[in-house]
Amino acid sequence: MVSTVIPVQPFDLVIFGATGDLSHRKILPSLYRRMLVGQMPAGSRVIGAARSKMNKAEFRKSVRDALEQFVEPKHKKPETLDEFINAIDYVAVDATGEAGWAALGKKLEEKPASVRAFYLSVAPSLFGPIAARLAQSGIATPESRIVVEKPLGHDLASAKALNVELKQHFDEHQIYRIDHYLGKETVQNLMAIRFANALFEPLWNSHYVEQVQITVAESIGVAGRGAYYDKSGAMRDMVQNHMMQLLCLTAMEPPSKFDPDAVRDEKLKVIRALDPLKISDTVRGQYRAGGGDASYLEHVGDPNSRTESFVALRVHVSNWRWSGTPFYLRTGKKLSARMSEICVVFKHPPHTIFPQVDALRGNALIIRLQPNEGITLRVAIKEPGPGGMRLVEVPLDMTFANTLGADGDLPEAYERLIMDVIRGNQTLFMRGDEVEAAWAWADPILNAWDESGSRPLPYDPGSAGPIDVYKLTGTDGHLWREIAA
Ligand code: BG6
């Protein structure tokens, strides 16, 4: 199935921090791929803005090198690469000083009709100063968009301060807070599955759903980014943002329409309905050395660090729909596989005419984010052959790459999100109040862990986390799903 390319208006996208890792690894390759499929209109420009005093030719060379490194070989088309490079410009700008702002303004004035977007791929401490400059100098117009990305605060107080800073200069409808999980194909499919089909919604509540498991497991460790990671840990790095979004999309009420605020209002209600976490509903872990690699403590260079590289939580959504259904969340580094999925496990039939049914695991809808994006429905059928009624569980499998013939080539999250910024569609971006509500929920348990003085439990690399994680589901009579690719 060939996906339809919906045109966008010509744009000027200014990337602050254009020489940084995110820009090279994700933003520029994503824009290049949009040009490849014909979505980047003629006349659009990608303008690098950074402190380095390089000229346009030098910046273009660095973009070409980045594309060489980060674009898949099958997507490298010399004519498109040249066309993309021709759309690249550069202005040296000092985020906190005077230099470069007038030149940037002048460049943007060359194309007053283009959509203006400013992607702040810089340290969060620069979000406020850059937003202020853009607004005060008149470079940002009332219709310009500003894009920021996590960390959006370290706790509730800092998240609030950041929102205040941004909102001093930009209206909420201009602020695009990226959570790249919302750009993933399957995450949006969760909404399609729930709200475009009559099949699941009647069962989507605590009368029929026994438990929900949300897993984002990674096999890599934190080597190379230990300094950042040790200040956040799994709760701040993954749960407060990405996993919270997955939880919201799974648990939210159907919005009245597919409109940015209608969707975000419903997500916000889920966050506000979360019970406060108790320490006994949490398990934290830190990976040991193993498999020829160093331990977490060695990777972050602090033998006394109490930051978690793994966390599992039992979460309750206290509302009419979900009361009594536990949501188990777990995420961690150095686990047995890279695997992200949402698994909704349904209750057993109320009356069993086949005694064996009780021994089965039950129906489950598994929404697989990565790898092998797709959806599987676990159902019980009769085992083929004569000799009585024996049951087996089989997957009704819809791996998107097979079903949609996409050749495993679904667009990267950033491709869709950047194009949504240009289109002015905020549905897949977090609103300020959502971010604050998520911190308001995360803060008390982060503080409680801190005050308890306890250390995360050690776990072996290649495992499913600390042994205690099994108690979290075990006390409810549930089993974690295997972490496997
Ligand atoms: C980032 C986290 O936001 O998401 C990383 O900072 C994590 O620690 C990454 O590895 C996971 O993203 P993905 O798309 O690879 O699942």
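List of remarks:
- Of residues in the range 167-180 being within 17 Å of residue 428 (Cα to Cα) and more than 20 Å from the chain's Cα centre (by Cα), the one most open to solvent (accessible area, probe 1.4 Å): 173
- Against the list (1) small (Gly, Ala, Ser); (2) within 16 Å of the ligand (Cβ to nearest atom); (3) open to solvent by 50 Å² or more (accessible area, probe 1.4 Å), the condition residue 153 fails is (3).
- Boolean, residue 447 is within 16 Å of the ligand (Cβ to nearest atom) and either open to solvent by 60 Å² or more (accessible area, probe 1.4 Å) or assigned to a loop (DSSP other than H, G, I, E, B) (or both): no
- Hits in the range 306-318 - residues which are within 23 Å of residue 477 (Cα to Cα) and open to solvent by less than 50 Å² (accessible area, probe 1.4 Å): 310, 311, 312, 313, 314, 315, 317
- Tally of residues being in contact (Cβ under 8 Å) with a residue 12 or more places away in the chain, open to solvent by 10 Å² or more (accessible area, probe 1.4 Å) and not in a helix (DSSP H, G or I) across the range 225-254: 2
- Reported count of residues in the range 206-238, each being within 11 Å of the ligand (Cβ to nearest atom) and within 16 Å of residue 329 (Cβ to Cβ), is 8.
- Filter pass, residue 164 being in a helix (DSSP H, G or I), β-branched (Val, Ile, Thr), modelled with pLDDT of 95 or more and open to solvent by less than 60 Å² (accessible area, probe 1.4 Å): no
- Answer residue from the range 298-335, given it is touching a strand residue (DSSP E or B) at 6+ places or on another chain (Cβ under 7 Å), within 16 Å of the ligand (Cβ to nearest atom) and among the hydroxyl-bearing types (Ser, Thr, Tyr) and is farthest from residue 480 (Cα to Cα) among those: 309
- A search for C-beta distances below 9 Å between a residue of the range 448-461 that is among the hydroxyl-bearing types (Ser, Thr, Tyr) and any residue that is part of a loop (DSSP other than H, G, I, E, B), counting only pairs 6+ apart in sequence or on different chains, returns 454/306; 459/288; 459/309; 459/334; 459/465; 459/466; 459/467.
- Selection status of residue 257, part of a loop (DSSP other than H, G, I, E, B) and either charged (D, E, K, R) or under 15 Å from the mean Cα position of the chain (by Cα) (or both): yes
- One residue stands out among those in the range 184-224 that are of a type outside the set (A, V, I, L, M, F, W, C) and open to solvent by less than 10 Å² (accessible area, probe 1.4 Å): the one that is modelled with the lowest pLDDT, which is 186.
- The C-beta contact set for the range 349-361 (first residue within 12 Å of residue 393 (Cα to Cα), second residue surrounded by fewer than 10 Cβ atoms within 10 Å (Cβ to Cβ), distance under 8 angstrom, 6+ apart or interchain) is empty.
- Residue among 117, 140 that is closer than 30 Å to residue 262 by Cβ, assigned to a strand (DSSP E or B) and out of contact with any Cys (no Cβ under 6 Å at 6 or more places or on another chain): 117
- Some residue of the range 401-415 being without any contact (Cβ under 8 Å) to a residue 60 or more places away in the chain and in a strand (DSSP E or B): no
- Residue list for the range 274-305, restricted to those being assigned to a loop (DSSP other than H, G, I, E, B), among the hydrophobic types (A, V, I, L, M, F, W, C) and buried (at least 18 other Cβ atoms within 10 Å of the Cβ): 277
- Any hit, the range 285-304, residues being aliphatic (A, V, I, L, M) and without any contact (Cβ under 8 Å) to a residue 60 or more places away in the chain: yes
- Being open to solvent by 70 Å² or more (accessible area, probe 1.4 Å), at pLDDT 90 or above and under 21 Å from the mean Cα position of the chain (by Cα) is a property that residue 368 lacks.
- Test result for residue 352, more than 16 Å from the ligand (Cβ to nearest atom), modelled with pLDDT under 95, in contact with a Pro (Cβ under 7 Å, 6 or more places away or on another chain) and on the phi < 0 side of the Ramachandran plot: no
- Scope the range 329-359; condition within 21 Å of the chain's Cα centre (by Cα) and open to solvent by 70 Å² or more (accessible area, probe 1.4 Å); matching residues: 338
- Residue pairs meeting the criteria (Cβ under 6 Å; at least 6 apart or on separate chains; first within 16 Å of the ligand (Cβ to nearest atom), in the range 171-199; second among the acidic types (Asp, Glu) and open to solvent by less than 40 Å² (accessible area, probe 1.4 Å)): 178/149
- Candidates in the range 188-237 are the residues that are among the acidic types (Asp, Glu) and within 18 Å of the chain's Cα centre (by Cα); of these, the one that is nearest to residue 294 (Cα to Cα) is 218.
The values are calculated or read from the model by the stated rules, or taken from the named source; none is laboratory data. The shown structure was predicted, so the numbers you read here are calculated from the model rather than taken from an experiment. So basically every Cβ, Gly included, is an ideal-geometry build from the backbone, and we count neighbours across all protein chains shown. Side chains included, ligands, DNA and RNA excluded: accessible areas come from the protein's heavy atoms. Shrake-Rupley method; radii C 1.70, N 1.55, O 1.52, S 1.80 Å.
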